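To start, the structure under review is shown below, and the notes come after it.
The values are calculated or read from the model by the stated rules, or taken from the named source; none is laboratory data. Because the structure is predicted, anything quoted here is derived from the model rather than measured. When we count neighbours, we look across all protein chains shown, and the Cβ atoms used for this are built from the backbone with ideal geometry, even at glycine.
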Amino acid sequence: MTTLLPPSTIGAEVGVFAPHQLDELRDFYLREGFAILRGLWDEPELAALEASCTRLQEQLLAGELDERHGTTTLVDDEDGGRTQEFANYVVDVTPLDAGLRAAVLHPTITAAVQRWIGPHWLREESGFGVVYQDARPGRESSYTRIGWHADWQSAPHLDIWPSVAFTLHFDATSPDNGFLRVVPGSHRWATPAPFENVNGAVVPDGSVPVAGYSSEPAPFPMPLRFEKVRGEVAAYAERGDLLFHDAYLWHSAARATADGAIRRHLRGGFYSGAPLHEAPGEHFVKNAAR
């Protein structure tokens, strides 16, 4: 059986490493399937990256970006007297901003990923590329949380795995604004593909039946909604943290509990298979977000 983190070692700082601790970061990531890199950018650098993301969000809302970079949502206010526009996502941001692209391809990041999955490529213009996400619990939001999944399940028919997902947090995470839930060590299970996922989308023909870093079966089925999972932990992040997780790791995103809470981040992934060149989103099965 895969060994999970002992309860006595689980705490707010478990899995957090500084840029000079790449060996420790590697060991923890390979063992548990996730890790946090802290301190890669100072506050002025982080503020500049945040400003670039919010500028792109404003441009999307103003209709100044091509429609492939995202959509806006019109939502009635609580009094029903007017509508407001909001954009949870700006997709494919790296072709739009050289500073964001340079940050994602920071040498420390690419060196770490190289040690985990070997030669790799950044997904930029297929499957939504690098995404700025503004997740909120209010009525203006079309995204609040997402159910249990492993990222490879979005395309089990493609030979692009393994991969490493990254999330640069502009807001610290907590129960107030939501956070990542992970099952440490689950990337080493042979997890079955969900041949019909929670939103009814049928997984394409040619998909592999199971995937993971071993042939050991999962000790229990993966729920596709928001149930509590045995062994799960909260992967809380501070402002500026870069959270990595493996494509085979079981994870989900918890909904914010405080009205008005904000959870903004930049996310994307590095892949080890042959690069894709198809239209954005064409080959990826969406998970249901609620």
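Conditions: (1) modelled with pLDDT under 80; (2) in a helix (DSSP H, G or I); (3) under 21 Å from the mean Cα position of the chain (by Cα); (4) not aromatic (Phe, Trp, Tyr). Val14 meets all but one. Number of the miss?
Condition (2) is where Val14 drops out.
Would you pick out the residues in the stretch 17-46 that are part of a helix (DSSP H, G or I), farther than 30 Å from Tyr213 by Cα and touching a residue at least 60 places away in the same chain (Cβ under 8 Å)?
Those that are part of a helix (DSSP H, G or I), farther than 30 Å from Tyr213 by Cα and touching a residue at least 60 places away in the same chain (Cβ under 8 Å): Glu43, Leu46.
Among the residues that make up the stretch 77-88, is at least one of them under 18 Å from Leu46 (Cα atoms) and either under 16 Å from the mean Cα position of the chain (by Cα) or at pLDDT below 85 (or both)?
No, the stretch 77-88 has no match at all.
Which number in (1) modelled with pLDDT under 90; (2) of a type in the set (S, T, N, Q); (3) not in a loop (DSSP other than H, G, I, E, B) marks the one condition that Gln133 misses?
(1)
Mind listing just one residue for me: the one in the stretch 158-190 that is modelled with pLDDT under 95 and part of a strand (DSSP E or B) and, of those, surrounded by the most Cβ atoms within 10 Å (Cβ to Cβ)?
Gly178
If you scan the stretch 47-71, which residues turn out to be in contact with a Ser or Thr (Cβ under 9 Å, 6 or more places away or on another chain), surrounded by fewer than 21 Cβ atoms within 10 Å (Cβ to Cβ) and either outside any loop (DSSP other than H, G, I, E, B) or modelled with pLDDT of 95 or more (or both)?
Once the filter is applied, which keeps residues that are in contact with a Ser or Thr (Cβ under 9 Å, 6 or more places away or on another chain), surrounded by fewer than 21 Cβ atoms within 10 Å (Cβ to Cβ) and either outside any loop (DSSP other than H, G, I, E, B) or modelled with pLDDT of 95 or more (or both), the stretch 47-71 yields only Leu61.
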